[in-house]
Amino acid sequence: RLYQIPVPVIRNDGKHYAPGTHKAFLRTVAFLAGGFTLLDEAKGVWRDPKDGKLYTEAMRPLQVACELEALDGIKAAFVRAFPDQKCLMVADLGAVTFTDLEE
């Protein structure tokens, strides 16, 4: 299946993540899934249903085709890399097929 996960660019308090945070997270994603596509930066907006606060943040959509077991590992790596995030959204974009073009 193909999944998309918005990866935060900066922390919720407006500060930058520690140097290497994103690189280490993406290295883990590549190891678990065999590869990924990181799209250009976009602006995400969402409202916290608990307190009604509106959050606007820079994010980079990460697309990854993998099995559910690898996705579980990617989710765990996301929580470790970005512990300040209030939630993790994973969009299931659907089935994917691969065609070997060297045949």
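Every number in this text was worked out from the coordinates using simple rules, so none of it is lab data. Treat the numbers as computed from the prediction; the structure is a model and nothing was measured. Please note: Cβ atoms are built from the backbone with ideal geometry, for glycine as well, and neighbour counts cover all protein chains shown.
For labels at LEU54 and LEU68 in the simple 7 Å Cα→Cβ model, what's the distance in nm?
With each label point 7 Å from Cα toward Cβ, the separation is 3.8 nm.
If contacts are Cα pairs under 8 angstrom and at least 6 residues apart, what is the relative contact order of the chain in percent?
43
Hey, got the dipole for the range 1-80? About the Cα centre, +1 on K and R Cβ, -1 on D and E Cβ, debye to the nearest 20? Mind showing how you got there, number by number?
Numbers: 12 positive and 9 negative charges, 38 e Å.
Approximately 180 debye in magnitude.
Please name whichever of GLN63, VAL45, LEU2 sits farthest to the positive end of the charge dipole of the chain, dipole taken about the Cα centre and charges placed at Cβ: Lys and Arg +1, Asp and Glu -1.
VAL45
For the range 45-103, what are the per-bin percents of Cα-Cα distances with bins 10 Å wide, up to the bin holding the maximum?
15, 41, 29, 11, 4, 1
If you average 1/r across every pair of different Cα atoms in the chain and take the reciprocal, what Kirkwood value do you get, in Å?
Details: mean 1/r = 0.0680 Å⁻¹.
Roughly 14.7 Å, rounded to one decimal.
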